[in-house]
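The values are calculated or read from the model by the stated rules, or taken from the named source; none is laboratory data. Bear in mind that the values here come from a model prediction, so they are computed numbers and not experimental data. Virtual Cβ from ideal backbone geometry, glycine too; neighbours counted across all protein chains shown.
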Amino acid sequence: MALRAAAFAIAAAAAAGPVAATELKPWKGGETPALAGAGVDGKAIDLKAYRGRVVLVNFWATWCEPCRDEMPSFDKLRARLSGRPFELITVNFGEGAPKIEGFLRKLGITLPVLLDPEKKTAAAWGAGGLPMTFLVDAGGRVRYSAFGEEDWNAGEPLRVIETLLAEAPRAR
């Protein structure tokens, strides 16, 4: 009987189709928190330097399976929007540079990674779970947030990014 119930549950899940995409929610957190510090490569990263550009900010960790699954989507998105006023900053949640560098090398990922060893930046941004992603408009204001894995190269996420990009020339 348990086997039959399990088979029914699997069939029902398959019939329901793919899991619903993560919902982009309008930001209600007030002012854009600071985002500045050392990158995994030792270079300084500061969100303020990207004023005039749409910025996707993603909080992640190597131990987070949805984060790992989402990383190639970010790499593709960055390449897709190359030459446009767009940047992507990832913020690692509490891990050391050697672990992060090995992870990035293994996946062939070339995204900028801000180190957050004490998780203070994550706390300031309200990133209570991973992955957590924020979209910052060209004026430097956080406009949207999303909790969970997402394909940022299709559907609503890409549409929202394109809308913010269309607003970018007016934000300068």
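Going residue by residue through region 58-65, is there one that turns out to be at pLDDT 95 or above, over 28 Å from residue 138 (Cβ atoms), surrounded by 11 or more Cβ atoms within 10 Å (Cβ to Cβ) and among the polar types (S, T, N, Q)? There is at least one residue in region 58-65 that is at pLDDT 95 or above, over 28 Å from residue 138 (Cβ atoms), surrounded by 11 or more Cβ atoms within 10 Å (Cβ to Cβ) and among the polar types (S, T, N, Q). So, residue 143, is that one among the charged types (D, E, K, R), part of a helix (DSSP H, G or I) and modelled with pLDDT of 95 or more or not? Answer is no for this residue. In region 35-52, how many are crowded, with 20+ Cβ neighbours inside 10 Å and part of a loop (DSSP other than H, G, I, E, B)? Number satisfying all stated conditions: 2. The C-beta contact set for region 82-96 (first residue under 11 Å from residue 161 (Cβ atoms) and free of Cβ contacts under 8 Å to residues at least 60 places away in the same chain, second residue aromatic (Phe, Trp, Tyr) and crowded, with 18+ Cβ neighbours inside 10 Å, distance under 7 angstrom, 6+ apart or interchain) comprises 88/74. For region 70-80, a residue qualifies if it is among the aliphatic types (A, V, I, L, M) and crowded, with 20+ Cβ neighbours inside 10 Å, and the qualifying residues are 71, 77. When every residue of region 98-121 is checked against the conditions, at least one turns out to be under 18 Å from residue 27 (Cα atoms) and buried (at least 20 other Cβ atoms within 10 Å of the Cβ). Counting just the residues of region 69-109 that are within 16 Å of residue 135 (Cα to Cα) and in a strand (DSSP E or B), which one comes out farthest from the chain's Cα centre (by Cα)? Checking each candidate, the answer is 86. Remark: pairs (first residue in region 111-124, touching a residue at least 12 places away in the same chain (Cβ under 8 Å) and outside any loop (DSSP other than H, G, I, E, B); second residue of a type in the set (Asp, Glu) and surrounded by 14 or more Cβ atoms within 10 Å (Cβ to Cβ); Cβ separation under 7 Å; 6+ apart in sequence or on different chains) = 122/116. Across region 125-140, the number of residues qualifying as under 17 Å from residue 22 (Cα atoms) and either part of a strand (DSSP E or B) or among the β-branched types (Val, Ile, Thr) (or both) comes to 4. Picking from residues in region 133-162 that are of a type in the set (Gly, Ala, Ser), in contact (Cβ under 8 Å) with a residue 60 or more places away in the chain and out of contact with any helix residue (DSSP H, G or I) (no Cβ under 8 Å at 6 or more places or on another chain), the one that is surrounded by the most Cβ atoms within 10 Å (Cβ to Cβ) is 145.
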